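Visitor: Structure below; questions to follow.
Values quoted throughout were computed directly from the atomic coordinates according to the rules given, and no laboratory measurement underlies them. Note that this is a predicted model, so its numbers are computed, not measured. Here the Cβ positions follow ideal geometry from the backbone for every residue, glycine too, while neighbour counts run over all protein chains shown.
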Amino acid sequence: MIELKNIEKYYSSKGIKHYVLRHVTTTIKQGEFVSIMGPSGAGKSTLLNILGMLEEPTYGTYEFMEEDVTRLNERKRIELYRNHIGFVFQAYHLIDEMTVYENIEAPLLYKKVGGAERASRIADLLDRFNMVAKKDLFPNQLSGGQQQLVGIARALAAQPSIILADEPTGNLQSAQAEEIMQLFQKLNKEDGITIIQVTHSEKNAQYGSRILNIADGVVKDDITLTAV
Amino acid sequence: MFKLNLKIALRNLWRNLGITAINIGGLAIALAAFILVAMYFTFETSFDQTNPNYENIYVVGRIEPDFKTNYTSPPLAKVIKQNFPEVENAGITKINRSWELAIKNGKKAIFTKNILQADYNAAKILDINPIGGLIKPSGDVERLTYLNVENIKTLFPDKKDNKPEMVSYGSASSGITGTIAGAIINNEHSNFSFDGVSIGNEIGKGETYGYNNYNTFIQVKPGTDVANLQEKITNLYRAELLKGETDLKTINEIKGVSIFLDPLANQHLKPKAGNDTPYKILISLSVLGFLILVIACINFTNLSIAQATKRAKEVGIKKVMGAYRLQLTTQFLTEIFIQCLVATVMAMVFAESALPYFNNLFQVNLTLWHADNNLFWQLPLVLCLITIIAGIYPALVLSGFKPALVLKGNFSTSKQSSWLRNGLLVFQFSIAVIFIIGLFIINSQLKYMRSEDLGFTANQVVYVKNISYFNDPAKFKTIREKLLKIPGVKSATVATDVPDGSGNGANGYTFEGQQKSLDFVDVDFDYFETLNIKLKDGRFFSPKFSTDTANAAVINESAVAKYGMKNPIGKTIRGCETDYKIVGIAKDFKAQGFESTILPTIYTIKNPCGNAKTQIMLKIEESKMADALAALKAKWSQINPKDGEDFRYEFLDDLYGKLFKKQEQLQSAFFAAALLTIFIAILGLFAFAKYITNGRIKEIAVRKILGASDIQIFKLINSSFFMMVLAANVISWPVAYILTKKWLETFAYRIDLPVLPFISSALITILLTVLTVSIQAKKAVKANPVDALKYE
C-alpha cells in the first residue's frame, strides 16, 4: 500500500543541512497497524506528515497505492484525503463552531455523499461510539476522550483505507487512552483499516502489529509484533 | 454544504457578537455615507439628461482676449444654421435675473425672477414642453408665455383646464396686461430652471452682433466632428464681424476673438465659461465617500487577520477532511457577504434617516425609493465590491494555509501578517488624520472669511428689489428724500449691482493711451457712504459738484494698479465715448467674495453703455430696523409708485453670506467625513486591540509574575499602537499639506497655512488611540495571572 524509497528531509540554513529524516525506506502493507516510536525530535511527526502528504520529502520517492505521490498537486492530494486517508490528531482539532454531528458530517459533505447515505453513516458511527445523546453538543462541552472519539468517528466517516494518527492519546488520561487504542485495534482487525500512529508510549505501541523505531531521522529498528 | 457553512458563519458571528456588531455597524454607517454621496453624484451629473438630444447639444460661447463667456448675439445662431448642414437646429435664449416682475390676478400675485425667453428653435432643442405640447407662435410678434404649475396654482387656484388666462404685470396702477398661454412643469433637475417661459418665433430681432445678451444653443447631428465645427464657426463668426469693417485696429481685435462649443453635459458642473468649483467639490465628496467605505472594509480585513490564528486551524482541518481551497474561499466570502448584506440593509435605513439633513445641506431633493434610482444597480455592485475588498485576505491568504503548519498546534500568524495588519491600520489613521487636518483648515478659512474686514459693511444694509429705472439721478432724488424721512433710514442709494458676488458689466477704458478692460458699476450719490466703503484719495460723489452727474468717476485701488497710474486724481479716463474725470480712489473691497481677486472697477453716475440702475440699498439703524421696514412696507406705493405696492427686500449680509454656501457645504461634508472616519477607525481599533490583548494575555500574565507594574503593561500594549498612529500622522502630514494648500489656493484671500491643525490632529488621534487600547488592555491587566497561566 505504501512504498517509501530513500526518503530524506532536511532544512538548509546558512548552507548547513539539518537532517530530519535520512534514508527512510520501508513498505507498509494493507491491514498493518504500525506504530512509529522514538525520542522527541527524532522525526516521527515529520515522517507521518510525509505519509499524509502534508509535507514533501526533500529527496526520495513515495508511492501510495501504486501511485507516485511524491509531488502531487493540491487537488489530487485532496482527492486522496476524501477517499483514502483519515487523520486523527493529538489535539483532536475538531471545529469548535460545529456540533458533534456536524463535525462527523463535514468530510461526507466534501465527498458529496448523498443526504440519506450521510444520515445513516453518521447514525451508525454515533451508535458505535455511544455518542447518540451527545450529537448536538459542541466540542468544548465534551471531555478530551470524548472529543478524540469524535475525531476518530470523523476520520472513519469517509470510510478511509488508512488512518494516520499523530499521538492520538497524547492529551488523554490512561483509561481513556486505553479505550482509544482498543478501538484502533478493533478497527484494524475487524474492518481491515491500515493504521499508522506516532506514539511515545511503549504500551500503546503494543496494540499494533509493527513498530518502527526512529532516532535522529534514521529507522533504527523495524519490529514485527506477534499477535497477543 | 452551503447550509452548514451558513450555520457556522452565524455561530461564529454570534460568538463574537460585540465585535461583529461594531464591524457591521461601522460598515453600515460608511455605506450610508456612500449611498448619499452616490445619489448626490448621480443627481449632479445627470442634469438635463432627460433631454432626448442630450449628447448632441452644445452651448456656443465666445472667447475674448481676457475672458470667456456664454453670452452671444442673436444673429450668430441664424448664420450657424444657414451655413452648416451638420447643425440640425440652432436657437437662442435670454434670461433676466436682475429684477423681479410681479404678475397678478386681482389680489393674487407672484414675483417672477427668471422668465426664460426662448425662440421656438431653442425651446425645441432644450426640450421645453408646456403642458399640452409646444406650439409654434404665429408671426413675429406673438409671445407665448407659460408659467410654472406652482405659479399658476397661486394665481388661479381653481383652474382645472389649460386655457389661456389674462394677468396684469407690475404695479396695480400700471395697467399693463398680458396673456398666459398655459402651464409648464419646471424641471428642477435642469440647467434651465425657471418661473416661466416666453416663447417667440424669433427673439432679439434686429439686434446685431454687438448685443451679446443671449445664449446660443445648437443641436448637431450624431457623429459630428465638434472640434472641426468649432473652428468653422470661429471662422464664420470672424468673417461676419469683419463685414464692412475698415479700421485696422478693430480688424486685429476681431482676429483675437474665437468661438467655443461646450457640451450641454458640462453646463451644470464645469462650464468652460465659468468656474468648476462645484465639480471639484463633487469629486472631493465622492473621494470622501469612497475612502470612508474603504476604511470600513479595512476593519473587516484587520479583524480577519486578527482571527487568522483561529481560522487557520479550521482551514487545516477542513483541508485534510477533503475541502478544496476554492470551497474555503467561497466559505469565507459567503461569511463576509452575509455581513455586508446586513450592513447594506442597515445602511439603507441610516441613509433614509439622514436624507433630510443631507437634502437640506446641499439644497437638493433626493429620495431613496423611486423606480429609476441608479442605486438599484449601484448597490448590488458595491455590495460585491466591498465583499471582495473586505474578504480578499481571508479568501486568498487564509485559505492557502498549509495544514501541516497550522495543525502543529503552536502556529501563529501574527509574525507573517503583522506588516499587513499594521499597514492597514496606519492607512486608516492616515486618512482620518488628513480629514481632521482638512476640517481644521476649512474651519479656519471660513472663520477668517466671516471675520475678515470686507472693505465694506453689509450689516444693516437692506437691499430693496425694484423694477423701475433710476438711471437719471434727478429721478431718484425725490425717492431718496421720501426714504430719508422714514425714521432709522440713514442713507439711500441706487446702483446697477449690489456687492453680493454677482458679476458686474465690463467695458474697455483708456487711460493715458492704454486701453484695458474694467468692471463698471453705475451708482448714485451715497453709494459709498451706504456701504461704508473707505476713501483712499480724492473724494466720493457729491451733489455739491454739478459735474458729478455728468462725467465724474471713482476708481478702486485695483484699477489704479492695473493701469499703473500715478496721481490719477483729476486725470481723465475714457470709456463709452465719454471722458471721465477721476475724482476719487476707493479702497478695494471684496464685492466678489474671497475666491476671486478684487476686480479693477470704475464707478460712475452717468454711463451711456451701462445697465439699468434698479438695485436700491438703504442703510438703516439697527435699533429702528423693524419699525423702518414696517414703515417702508406701508408707504412703498407712495414712495416708489412705479414699482407697485409690493415692498420686497433682503438683508445684504444674508445675500453676501450666500457666497460662502458652497464652502460651508464642504465644511459640513468634511466634518461628517472626519467624524465618520475617525469613528470607524476607532471602532476597528477597538475590536482589533481586543484581539491583540487576548492574544497576549499569557505574555501579560508572565510579565506580571516577573514583577511588571500595571503602568508598565499599559505602556507595553500601547507602545506599538502609539508608534503606528505616529507613523500615520507623519505619513499624512505632507499629503494633507499639499491638499489643503491646493484648496486654499482657490481663494484669492486666504489664511496662511497654520501649524496648529497638524499638531492637534496628532494629539487627537494619539489620545483616542491610547484611550481605546487602554480600555481593552485594562481587562488583561486586571486579570489574575494564575487564570491566564492555568491552561496547557
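Visitor: If you line up the long axis of helix B:625-639 against the longest principal axis of chain B, both from Cα atoms, how many degrees apart are they, to the nearest 10?
Guide: 40 degrees
Visitor: With N set to the number of residues, divide the alpha-carbon radius of gyration of region B:199-243 by 2.2 N^0.38 Å and report two decimals. The partial results should precede the final answer.
Guide: Working: Rg = 13.1 Å, N = 45, 2.2 N^0.38 = 9.3 Å.
Here the Cα radius of gyration is 1.41 times the empirical estimate.
Visitor: Sorted from largest down, what three extents in whole angstroms do the Cα atoms of chain B have along their principal axes?
Guide: Principal extents (Cα only, largest first): 104, 59, 57 Å.
Visitor: Tell me, what is the FRET efficiency for residue A:189 and residue B:782 to the nearest 0.05, using R0 = 51 angstrom and their Cβ-Cβ distance as r?
Guide: Details: r = 55 Å, r/R0 = 1.09.
According to the calculation, E is roughly 0.40.
Visitor: Charges at C-beta only: +1 for Lys and Arg, -1 for Asp and Glu. How large is the resulting dipole of region B:467-642 about its Cα centre, in Debye rounded to 20? Let's see the in-between values first.
Guide: Working: 25 positive and 20 negative charges, 90 e Å.
Taking the Cα centre of region B:467-642 as origin, the dipole is about 440 debye.
Visitor: In whole Hz, what ³J(HN,Hα) sequence does region B:750-755 give by Karplus (6.51, -1.76, 1.60; θ = phi - 60°), x for Gly and Pro?
Guide: Result, ordered by residue: 8, 7, 6, 4, x, 8 Hz.
Visitor: Hey, what number do you get for chain A at 222 nm if only DSSP H runs of n ≥ 4 count, each worth -39500 (n - 2.57), divided across all residues, to the nearest 500?
Guide: Values: 7 runs with 78 residues, N = 228.
So the calculated ellipticity at 222 nm is -10500 deg cm²/dmol.
Visitor: For chain B, what does -39500 (n - 2.57) per DSSP helix run (n ≥ 4), summed and divided by total residues, give at 222 nm, in deg cm²/dmol to the nearest 500? Intermediate values should be presented prior to the final figure.
Guide: Numbers: 24 runs with 392 residues, N = 792.
About -16500 deg cm²/dmol.
Visitor: Given points 7 Å out from each Cα along the Cα-Cβ axis, report the residue B:767 to residue B:270 separation in nanometres with one decimal.
Guide: 4.0 nm
Visitor: Also, I was wondering about something else. Under 5 Å between amide H atoms, partner at least 5 residues away or on a different chain: which partners does residue B:89 have, H built in plane at 1.01 Å?
Guide: Distant-sequence amide H within range of residue B:89: B:219.
Visitor: Also, quick follow-up: For B:384, B:297, what ranking results if the residue with the fewest other Cβ atoms within 10 Å of its Cβ goes first? If you can, show how the numbers build up before the last one.
Guide: Numbers: B:384 13, B:297 25.
Lowest to highest Cβ neighbour count: B:384, B:297.
Visitor: Ok, one more. Can you give me the orientation-averaged projected area of the convex hull built on the Cα atoms of region B:255-404, in nm²? Please list the in-between numbers first.
Guide: Numbers: hull surface 56.6 nm².
Projected over every direction and averaged, the Cα hull of region B:255-404 covers 14.1 nm².
Visitor: Report, in listed order, any pair from B:107/B:590; B:221/B:516; B:280/B:690; B:402/B:782; B:516/B:590; B:272/B:477 with a Cα-Cα distance greater than 31 Å. Numbers along the way, then the final one.
Guide: Details: B:107/B:590 41 Å; B:221/B:516 40 Å; B:280/B:690 40 Å; B:402/B:782 37 Å; B:516/B:590 21 Å; B:272/B:477 43 Å.
Check vs 31 Å cut-off fails for B:107/B:590; B:221/B:516; B:280/B:690; B:402/B:782; B:272/B:477.
Visitor: Considering just Cα atoms, how many Å³ per residue does the convex hull of the protein assembly as shown enclose? Please report the intermediate quantities before stating the final value.
Guide: Working: hull volume 271.4 nm³, N = 1020.
Hull volume over Cα atoms, normalised by residue count, gives 266 Å³.
Visitor: Okay, next question. Mind listing the phi-derived Karplus ³J(HN,Hα) values for region B:19-24, rounded to whole Hz, using 6.51, -1.76 and 1.60 with θ = phi - 60°, and x for any glycine or proline?
Guide: Karplus-based 3J(HN,Hα) across region B:19-24 equals 5, 4, 4, 4, 5, 5 Hz.
Visitor: Let me ask something additional. Which entries in B:490/B:544; A:135/B:313; B:108/B:606; B:447/B:482 show an alpha-carbon gap greater than 30 Å?
Guide: Details: B:490/B:544 19 Å; A:135/B:313 22 Å; B:108/B:606 38 Å; B:447/B:482 39 Å.
Over 30 Å Cα-Cα: B:108/B:606; B:447/B:482.
Visitor: Please tell me the relative contact order of chain A in percent, rounded to the nearest whole number, where contacts are Cα pairs under 8 Å and at least six residues apart.
Guide: Values: 416 pairs, mean separation 68.1, N = 228.
It comes to 30 percent, rounded to a whole number.
Visitor: If you don't mind, another one. Looking only at other chains, what is the average number of their beta-carbon atoms within 10 angstrom of each beta-carbon in A:96-107? Show your work: numbers first, answer last.
Guide: Details: counts 7, 11, 6, 2, 0, 0, 4, 2, 0, 2, 8, 6.
So the per-residue partner count for this stretch is 4.
Visitor: Same structure, new question: Using only the C-alpha atoms of region B:55-266, find the volume of their convex hull and express it per residue in Å³. Intermediate results must be reported in sequence, preceding the final value.
Guide: Details: hull volume 30.5 nm³, N = 212.
Taking only Cα atoms, region B:55-266 has a hull volume of 144 Å³ per residue.
Visitor: Only counting other Cβ atoms within 10 Å, I'd like B:574, B:15 sorted with the fewest neighbours first. Kindly include the intermediate steps, with their values, before the conclusion.
Guide: Numbers: B:574 14, B:15 11.
Placing the least packed residue first, the sequence is B:15, B:574.
Visitor: Provide the FRET efficiency to the nearest 0.05 for the residue B:536-residue B:699 pair, computing r from the beta carbons and using R0 = 60 Å.
Guide: Computed FRET efficiency for residue B:536 and residue B:699: 0.25.
Visitor: Shielding by partners for B:322-328, please: the mean number of other protein chain Cβ atoms within 10 Å of each residue's Cβ. Numbers along the way, then the final one.
Guide: Working: counts 16, 7, 6, 3, 1, 3, 0.
Taking the mean over all residues of the peptide, I get 5.
Visitor: Checking the cross-link filter: which aspartates and glutamates have an alpha carbon closer than 20 Å to that of residue B:704, excluding same-chain neighbours under 8 positions apart?
Guide: Once the sequence-local aspartates and glutamates are set aside, what remains near residue B:704 is B:787, B:792.
Visitor: Using the count of nearby Cβ atoms within 10 Å as a rough guide to exposure, how do B:37, B:498 rank from fewest to most?
Guide: On the way: B:37 23, B:498 20.
Going from least to most buried by this count: B:498, B:37.
Visitor: How much length, in nm to one decimal, is gained on full extension between residue B:635 and residue B:623, taken as 0.36 nm per residue of separation minus their Cα-Cα distance?
Guide: Stretched out fully, the residue B:635 to residue B:623 stretch lengthens by 2.3 nm.
Visitor: Nearest 10 degrees, 0 to 90: what angle lies between the long axis of helix B:661-695 and the longest principal axis of chain B (Cα atoms)?
Guide: Approximately 0 degrees, to the nearest ten.
Visitor: Round to the nearest 10 and give me the degree value, 0 to 90, for the angle of helix B:325-362's Cα axis relative to the longest principal axis of chain B.
Guide: 30 degrees
Visitor: Next up: Remind me, relative contact order of chain B in percent, using alpha carbon pairs under 8 angstrom and six or more residues apart?
Guide: Values: 1292 pairs, mean separation 120.5, N = 792.
Relative contact order for chain B comes out at 15 percent.
Visitor: Okay, next question. Checking the cross-link filter: which aspartates and glutamates have an alpha carbon closer than 13 Å to that of residue B:319, excluding same-chain neighbours under 8 positions apart?
Guide: Reachable aspartates and glutamates: A:74, A:79.
Visitor: How high is the FRET efficiency between residue A:75 and residue B:2 when r is their beta carbon distance and R₀ equals 25 Å, given to the nearest 0.05? Don't jump to the answer; show the numbers that get you there.
Guide: Details: r = 21 Å, r/R0 = 0.83.
The value I calculate is 0.75.
Visitor: Give me the one-decimal Kirkwood hydrodynamic radius in Å for region B:467-642, with the sum taken over alpha-carbon pairs. Can you show the working numbers first?
Guide: Details: mean 1/r = 0.0595 Å⁻¹.
With all distinct Cα pairs of region B:467-642 included, I get 16.8 Å.
Visitor: Also, quick follow-up: If you place +1 on the Cβ of every Lys and Arg and -1 on the Cβ of every Asp and Glu, how big does the dipole about the Cα centre of region B:251-376 come out, in debye to the nearest 20?
Guide: Details: 10 positive and 7 negative charges, 149 e Å.
Around 720 debye, computed over region B:251-376.
Visitor: Cross-link partners among aspartates and glutamates for residue A:17, C-alpha distance below 19 Å, same-chain residues fewer than 8 apart left out?
Guide: Straight-line reach from residue A:17, under 19 Å: A:8, A:55, A:56, A:216.
Visitor: Oh, and also: Per residue of region B:651-658, in order, report the coupling 6.51 cos²θ - 1.76 cosθ + 1.60 (Karplus, θ = phi - 60°) as ³J(HN,Hα) in whole Hz, putting x for Gly and Pro.
Guide: 7, 5, 5, 5, 4, 5, x, 5
Visitor: Projected onto the charge dipole of the protein assembly as shown (+1 at Lys/Arg Cβ, -1 at Asp/Glu Cβ, origin at the Cα centre), which of B:351, B:695, A:131 gives the Cα projection farthest towards the positive end?
Guide: Checking the options against the dipole of the protein assembly as shown, the answer is B:695.
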